[in-house]
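Colleague: Let me give you the structure first, and then I'll get to my questions.
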Amino acid sequence: MVGYKFCEKLRSKTSSFNLIVFGEEPRRAYDRVHLSEYFNGKTADDLSLSTENWYQEQNITLFLNNPVVKIDREQQKVYTGNGLDYAYDILVFATGSGAFVPNIPGIEKEGVFVYRTLEDLDLISEYAKKAKTASVIGGGLLGLEAAKALIDLGIDKTSIIEFAPRLMPRQIDAAGSDMLKSKLTDLGLQIHLNKNTANIEGEGKITALKFSDDTSLEADMLVISAGIKPRDELAKACGIEVGARGGIVVDEKMQTSDPAIFAIGECALFDGMIYGLVAPGYEMAEVLATNLCAGNKSFSSFDMSTKLKLIGIDVASFGDNFITEPDCRTIIFENKHKGTYKRINISNDGQHLLGGILIGDASAYNMLLQTAINKIALPDDPEELILGARGGSEPAGAGITSLPDSALICSCEGVSKGDICASVTDGGCENIDDVKKCTKAGTGCGGCMPMVKDLLNYTLKAQGKYIKNVICEHFNYSRQELYDLIHIHELKSYDEVLTALGENDGCEICKPLVSSILASLWNEMILKKGNDVAQDSNDRFLANIQKGGSYSVVPRVPGGEITPEKLIVIGEVAKKYGLYTKITGGQRIDLFGAHLNDLPVIWEELIAAGFESGHAYGKGLRTVKSCVGSTWCRFGLHDSVSFAIRIEERYRGIRAPHKFKSAVSGCIRECAEAQSKDFGIIATEKGWNLYVCGNGGSKPQHALLLATDLDSETCIKYIDRFLMFYIRTADPLTRTATWLNKMEGGIDYLRNVVINDSLGMAKQWEHEIEKLISSYKCEWKEAVENPAIRKRFSHFVNAPEEKDPSIEFVEMRGQKRTAEWKIV
Amino acid sequence: MTETTNNWLAACRVEDAVENGGVCVKHGEEQIALFYFTRRNEWYATQNECPHKKQMALSRGMIGSITDEPKVACPFHKKTFSLNTGECLSGDECAIKTYPVKVENGTVYVGINPKS
């Protein structure tokens, strides 16, 4: 891998140098990091780091299956296995390492494998067909990968044997190892720690392992993954300095004891260390390639942080992961219920993050790594780094703004924050694929991608280029842009809008969206001007479609207050048309089971009795609930019912990006539950408190306090502004809670806009909402009085008197209900 | 489809149809959704029953297009179907029946296959 990367980097810098590569394996370079995916269906070609023609295209001579067997340093020549020789000016060792095979008696028996090359994997998968139990010696990164591969090959009884007292002894601590062990055991792996294999049993082929503590374990197959051994034998043979425990000694320029010879990757020993990760290897390749082109780079110690997903389990470690008291302070969060273990090591002065370990949930890894590497000052409560900020949401991407430009975001490819941001500001990249192509960030292990995405979005925003929120294939605008355009051009029907601003024929996304905008702007009867066919399912017939095909009828009952006479009317209408009645959460009554054909006559009767449409079917004001209030209740501070009625009658009929609901409570006991409403009002001694952006539904959220002790007029003025701001700026089908959650600056910003008029739009909004209020008409009244609209309320065009015969009802508790969906 | 292989059901007058929308045609026990896609100057007809939950509702759905394919979205759960082929565009395996349509002398006719 590192050899390939060197060629890639050299060729990207220069086309001079006659470059020849001698490879021992029969294949061109492939991704050894993702080796186990070979068992998941990835082919050797998929894992290949280059295309077949790449070497030829780059003017590199590639010899496969043809390693160098001897080096003559004096003559500066190499000799290959087939007896040919080649002269060199510069020689680079990128021979990597092989699997370390411990000297255990019986190791030569059949059924024992190492886990290194694709050839090894082919042998393993062939043998695995006959194996029932398998063991892996080595509980480090590679051993756990090998164990996963064996499970994937169908060997259920797979064990991991580790010499040390814990798994992944170089990356994680004892507690982390315990957590990892329990998670692996849950997946069916058997883990044996503190086990030293003394003998491999079997006649010719392996049947069991025998340990130094005299216990033994059955095994049909053994994979050895107990470490790596640098391939330095060639260097040693020709007199180049190697380390006592192997590895070709190099300096910070990757130069060996021979000035014409260099070594990079896992075969190199730098400052007493072999770097067994891809990222430092690539960095070494970069150093050498740069220096050969008259540059001046040096390799220095490299951060060995890693984040992996082993068998679906996140394991990460970074910085000084093992440092402990008294040299630092540790913060540990262990959650056995969720299977997570997080440890961070903080400097004694509490200022800096030194290192840490994450198991089970490594989502904080990128940020923690950057915080440690860049020595970013820690917040007062550093435990929040692993617990997550509680109490109030943290603005997304807040951490990345504090990173310096030099912060290394992608360590595999050496891409800094500055590089990524520049690819956007100067390189014209506008999406993640462009950034990847341009900077190569994320093309190695892929672990940095979340951070790269955050940086992309952050930089685009800073440029004023927001990520365009186009509504659908028919309109190349966001909802907000479309709103302004429809306003400016005074378009009044969906057809006009589509012709003027859109393309092709529209769809079920843009039709309701445009209809909503038209309603919010002009407040014209929604079934006129051909707009009926652009309405959503319920608005189309001014009623909520129900299971079975019937509709429901909901007359408005402002504030939840109703006279006995009106109750009787509802009862009689229900009886006459055989409707099911139920009290709703909105403090009114719902009538179910109406045939489409009957809707106009039902509403005629309700309207004659003084009712109007309740808009239960619309994306606009639903209800303003109330508690009993000061008229009857001994606790009531003010007349909540009157205020609720006033508010409901003010905003009835107004349409918005989504439904909105309100309530007025007469005191702090809050019987009307105003704090769960889009806007809610609670009486205080001195006036009304106004709360905004609460929602129920699947993710309920409480409303936040906008203003206190308001008089009724001011309260209404603020609500006017709040509603128009919402209508104008929200994304499609967004409730007020989500709208606020997405709002930069949150409630403080909203308060500033509404109360302090920070956008200078208050007057305009008050004017606009006044127009909507004064143009209000009950749309059901209009529908029943308009023959053309009324005509649509029949099921069959060629039999308008007949009702839909497929609608069926059955009896339940003395009323009717619709028959169940037919089994599909 | 020629006249010899189709019975033509007189569905309604052109002015009874809904522009850029659908109406439902009764044919014995069957219900047929008839769409007048005015923007495309085309007529389409399909079964009225949505195969998803077997509701007689497609005639009440919004019509539109996906790239160039005309479609209808069922009002219940917004499953979409090609008005040309009846194929489900929402990725489910169910397709709907389609029928030919012709207009003569201001009357809209839907072609009913004699075998069905």
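The values are calculated or read from the model by the stated rules, or taken from the named source; none is laboratory data. The shown structure was predicted, so the numbers you read here are calculated from the model rather than taken from an experiment. All Cβ positions, glycine included, derive from the backbone under ideal geometry; neighbour counts span all protein chains shown.
Colleague: Give the stretch A:794-824 a look and list any residue that's more than 10 Å from A:GLY548 (Cα to Cα), assigned to a loop (DSSP other than H, G, I, E, B) and of a type in the set (S, T, N, Q), or say none.
Modeller: A:SER794, A:ASN798
Colleague: OK, next. Would you check if A:THR459 is farther than 16 Å from A:GLN535 by Cα, in a helix (DSSP H, G or I), modelled with pLDDT of 95 or more and out of contact with any strand residue (DSSP E or B) (no Cβ under 6 Å at 6 or more places or on another chain)?
Modeller: No: the conditions fail for A:THR459.
Colleague: Determine whether the stretch B:58-67 contains at least one residue that is under 18 Å from A:GLU508 (Cα atoms), touching a residue at least 12 places away in the same chain (Cβ under 8 Å), of a type in the set (Lys, Arg) and surrounded by fewer than 18 Cβ atoms within 10 Å (Cβ to Cβ).
Modeller: No, every residue in the stretch B:58-67 fails to be under 18 Å from A:GLU508 (Cα atoms), touching a residue at least 12 places away in the same chain (Cβ under 8 Å), of a type in the set (Lys, Arg) and surrounded by fewer than 18 Cβ atoms within 10 Å (Cβ to Cβ).
Colleague: Now for a different question. Condition check: in contact with a helix residue (DSSP H, G or I) (Cβ under 9 Å, 6 or more places away or on another chain), touching a residue at least 12 places away in the same chain (Cβ under 8 Å) and not acidic (Asp, Glu). Does A:SER182 satisfy that?
Modeller: Judged against the criteria, A:SER182 is not a match.
Colleague: If you don't mind, there's one more thing I want to ask. Which residues, taken from the stretch A:278-331, are of a type in the set (A, V, I, L, M), out of contact with any strand residue (DSSP E or B) (no Cβ under 6 Å at 6 or more places or on another chain) and in a loop (DSSP other than H, G, I, E, B)?
Modeller: Result: A:ALA294, A:MET304, A:ILE311.
Colleague: Find all pairs meeting these conditions: Cβ atoms under 6 angstrom apart; at least six residues apart or on different chains; first residue within the stretch A:120-145 and at positive phi; second residue hydroxyl-bearing (Ser, Thr, Tyr) and surrounded by 16 or more Cβ atoms within 10 Å (Cβ to Cβ).
Modeller: That search, which allows pairs on different chains as well, returns A:GLY138/A:SER225.
Colleague: Where the second residue is of a type in the set (Asp, Glu) and the first is more than 13 Å from B:PRO51 (Cα to Cα) and lies in the stretch B:76-104, which pairs have Cβ atoms under 7 Å and are six or more apart or on separate chains?
Modeller: Listed by first residue and then by second, the contacts come to B:SER82/B:GLU69; B:ASN84/B:GLU69.
Colleague: Give the residue that is farthest from B:ASN6 (Cα to Cα), with candidates limited to residues of the stretch B:70-84 that are surrounded by fewer than 19 Cβ atoms within 10 Å (Cβ to Cβ) and at pLDDT below 95.
Modeller: Per the criteria, the residue is B:HIS77.
Colleague: Among the listed residues A:ILE562, A:ILE602, A:ILE517, A:ILE526, identify the single one that is out of contact with any Leu (no Cβ under 7 Å at 6 or more places or on another chain) and either among the charged types (D, E, K, R) or not in a loop (DSSP other than H, G, I, E, B) (or both).
Modeller: After applying the criteria, what remains is A:ILE602.
Colleague: Would a scan of the stretch A:521-537 turn up a residue that is buried (at least 21 other Cβ atoms within 10 Å of the Cβ), on the phi < 0 side of the Ramachandran plot and basic (Lys, Arg)?
Modeller: no
Colleague: For the stretch A:462-499, what are the residues that are away from chain B (no Cβ under 14 Å) and among the small types (Gly, Ala, Ser)?
Modeller: Once the filter is applied, which keeps residues that are away from chain B (no Cβ under 14 Å) and among the small types (Gly, Ala, Ser), the stretch A:462-499 yields A:ALA462, A:GLY464, A:SER478.
Colleague: Across the stretch A:116-141, which residue is modelled with the highest pLDDT among those that are surrounded by fewer than 23 Cβ atoms within 10 Å (Cβ to Cβ) and within 19 Å of A:PRO169 (Cβ to Cβ)?
Modeller: By that ranking, first place goes to A:GLY140.
Colleague: Okay, next question. For the stretch B:31-51: of the residues being outside any strand (DSSP E or B) and more than 7 Å from chain A (Cβ to nearest Cβ), which is surrounded by the most Cβ atoms within 10 Å (Cβ to Cβ)? Spell out how you get there, then give the answer.
Modeller: Looking only at the stretch B:31-51, we keep the residues that are outside any strand (DSSP E or B), and these are B:38-41, B:48, B:51.
Subsequent filtering for residues that are more than 7 Å from chain A (Cβ to nearest Cβ) retains B:38, B:41, B:48, B:51.
Values: B:THR38: 18, B:ASN41: 7, B:ASN48: 29, B:PRO51: 20.
Of everything passing the filter in the stretch B:31-51, B:ASN48 is surrounded by the most Cβ atoms within 10 Å (Cβ to Cβ).
Colleague: Name the one entry in A:GLY154, A:GLY140 that is in contact with a helix residue (DSSP H, G or I) (Cβ under 9 Å, 6 or more places away or on another chain) and not β-branched (Val, Ile, Thr). Working first, answer last.
Modeller: Numbers: A:GLY140 fails: in contact with a helix residue (DSSP H, G or I) (Cβ under 9 Å, 6 or more places away or on another chain).
Sole residue among the options that is in contact with a helix residue (DSSP H, G or I) (Cβ under 9 Å, 6 or more places away or on another chain) and not β-branched (Val, Ile, Thr): A:GLY154.
Colleague: State all residues of the stretch A:180-230 that are charged (D, E, K, R), part of a strand (DSSP E or B) and within 30 Å of A:VAL278 (Cβ to Cβ); if no residue qualifies, say none.
Modeller: A:LYS229
Colleague: Looking at this structure, is A:GLY442 on the phi > 0 side of the Ramachandran plot and either within 11 Å of chain B (Cβ to nearest Cβ) or without any contact (Cβ under 8 Å) to a residue 12 or more places away in the chain (or both)?
Modeller: No: the conditions fail for A:GLY442.
Colleague: Considering A:ALA762, A:ALA783, A:ALA730, A:ALA737, which residue is surrounded by 15 or more Cβ atoms within 10 Å (Cβ to Cβ), more than 23 Å from A:LYS677 (Cα to Cα) and more than 14 Å from every other protein chain (Cβ to nearest Cβ)?
Modeller: Going through A:ALA762, A:ALA783, A:ALA730, A:ALA737 in turn, the sole match is A:ALA783.
Colleague: Quick one: would you say A:GLY549 is within 14 Å of chain B (Cβ to nearest Cβ), in contact (Cβ under 8 Å) with a residue 24 or more places away in the chain and touching a His at 6+ places or on another chain (Cβ under 9 Å)?
Modeller: It is true that A:GLY549 is within 14 Å of chain B (Cβ to nearest Cβ), in contact (Cβ under 8 Å) with a residue 24 or more places away in the chain and touching a His at 6+ places or on another chain (Cβ under 9 Å).
Colleague: Here's another thing I want to ask about it. Which condition from (1) farther than 20 Å from A:ILE376 by Cα; (2) under 27 Å from the mean Cα position of the chain (by Cα); (3) among the hydrophobic types (A, V, I, L, M, F, W, C) is the one that A:LEU288 breaks?
Modeller: Failed condition: (2).
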